[in-house]
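Coordinate-derived values only; no laboratory data. Keep in mind it's a predicted model, so treat the numbers as computed, not measured. Cβ coordinates were reconstructed from backbone atoms using ideal geometry, including for glycine residues, and neighbour counts include every protein chain displayed.
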Amino acid sequence: MESRHQSASRTDMTEYVLPQHANAMGNVFGGQIMAWVDLCAAICAQRHSGKLCVTAFVDDLKFQKPVKVGEVVRLHALVNAVFSTSMEIEVVVEGEDSRTGARWPCVDARLTFVAVDDDRKPTKVPPLVMDSDHVRASQADGEARRSLRLQKKV
Ligand SMILES: CC(C)(COP(=O)(O)OP(=O)(O)OC[C@H]1O[C@@H](n2cnc3c(N)ncnc32)[C@H](O)[C@@H]1OP(=O)(O)O)[C@@H](O)C(=O)NCCC(=O)NCCS
């Protein structure tokens, strides 16, 4: 199976925060951010694998700073590491005030996606092209986190 470049599946999304996305304080619901994160990561996983992908696991999420109605949510997803049928995708989420250009960290999330075939069975995914120290470190760090995740699996 031919390796694929990490950059080829990079996925960027931009969402404008409307009142229907917000809680009573006028900030985006955590669940809305999680839905956007899942969507952005799913597109990235499918771009890399060329297969339908399902969410298998979401690591702990920390919401760093809120994003309000009228502001912008920017999401950037990258394949951190590829295993056999699964991949670790990282989604970095930022808030943006489009009037001033100010940006701030909102969430940094890691999700595990599994590629599935037409029978919904896990199927192999292409490895990452190991063309830089950065990608090699990213793969190694992802493998270490995967071991910890699978130890917790019930
Ligand atoms: C994810 C799913 C396909 C895994 O199926 P399974 O029969 O358990 O498959 P396997 O045990 O063969 O594992 C397949 C891969 O998933 C990984 N995996 C399974 N559970 C995992 C977990 N809790 N955390 C991390 N990875 C996990 C395995 O490590 C394996 O990866 P690898 O092939 O790269 O080594 C299956 O559990 C499923 O369909 N879950 C529901 C998914 C869903 O509905 N998501 C929400 C909507 S998209």
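In summary, the lysines within cross-link reach of residue 62, defined as a Cα separation below 30 angstrom excluding same-chain residues under 8 places away, comprise 51, 152, 153. Against the main long axis of the alpha-carbon atoms of the chain, helix 30-49 sits at an angle near 30°. A Förster radius of 25 Å combined with the Cβ-Cβ distance from residue 59 to residue 7 puts the calculated FRET efficiency at roughly 0.65. On C-alpha positions alone, give me the angle between the axis of helix 133-152 and the longest principal axis of the chain, in degrees, nearest 10. Long axis of 133-152 versus the principal axis of the chain: about 90 degrees. The protection proxy used here, the mean number of other Cβ atoms lying within 10 Å of each residue, ranks peptides 72-79, 118-125, 25-32 as follows, highest first: 72-79, 25-32, 118-125. On full extension, the segment bounded by residue 140 and residue 84 gains 18.7 nm, given 0.36 nm per residue less the C-alpha separation. Taking the DSSP beta bridges with both ends in the chain, the antiparallel portion is around 95 percent. Annotation: amide H of residue 4 within the under-5 Å range of 128, 129, sequence separation 5 or more or interchain, hydrogens built in the peptide plane.
Adding -39500 (n - 2.57) for every DSSP H run of four residues or longer, then dividing by how many residues the chain holds, sets the calculated 222 nm ellipticity at -9000 deg cm²/dmol. When only C-alpha pairs under 8 Å and at least 6 residues apart count, what is the relative contact order of the stretch 1-100, in percent? It comes to 35 percent, rounded to a whole number. Here residue 133 and residue 97 are evaluated by their C-beta separation; at R0 = 41 Å the FRET efficiency comes out at 0.70.
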